[in-house]
Amino acid sequence: MQSLHFNALGFDRTYWDFFSAFGFFFSVFLLFAAVVAWQLGGIAAVNFGAFMRQTAWALAICFVAITALNWTYAFTIPIVFSTVITVCLIAAAWLSPKPI
């Protein structure tokens, strides 16, 4: 898997790169989902708005990690999509209402 190199839209990649990338992607998303589920389980309804701002930032940070993994292991299309999603999530978190 590491010895066969091929060109994927201008990037020199191996099957090992794709295999590693998918493993890292799943790990990042599963870790994020576990933290969010843990946090949501203990939140009161009164504090929900403030917590959702933190969740928006957490999701943005998660996609920053995904974008970095795409730059390391993937090729043009996933890099572009993850970068656009990351920029949108950062903008949404930045513009979300601040807690009172």
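The values are calculated or read from the model by the stated rules, or taken from the named source; none is laboratory data. Predicted model only: the values in this text are computed from it and were never measured. Here Cβ is always computed from backbone atoms with ideal geometry, including for glycine, and neighbour counts include all displayed protein chains.
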Exercise. Residues in the stretch 42-63: is at least one modelled with pLDDT of 80 or more, in contact with a strand residue (DSSP E or B) (Cβ under 9 Å, 6 or more places away or on another chain) and surrounded by 14 or more Cβ atoms within 10 Å (Cβ to Cβ)?
Worked result: no
Problem set entry | Close pairs (7 angstrom Cβ cut-off, 6 or more residues apart or separate chains): farther than 11 Å from Ala56 by Cβ in the stretch 85-99, surrounded by 11 or more Cβ atoms within 10 Å (Cβ to Cβ) and among the hydroxyl-bearing types (Ser, Thr, Tyr) anywhere | Thr86/Thr67
Exercise. How many residues, within the stretch 1-22, are in contact (Cβ under 8 Å) with a residue 24 or more places away in the chain and not in a helix (DSSP H, G or I)?
Worked result: 5
Seminar exercise, completed: Of Thr67, Thr14, Thr83, Thr72, the only residue that is surrounded by fewer than 16 Cβ atoms within 10 Å (Cβ to Cβ) and either modelled with pLDDT of 85 or more or among the hydrophobic types (A, V, I, L, M, F, W, C) (or both) is Thr72
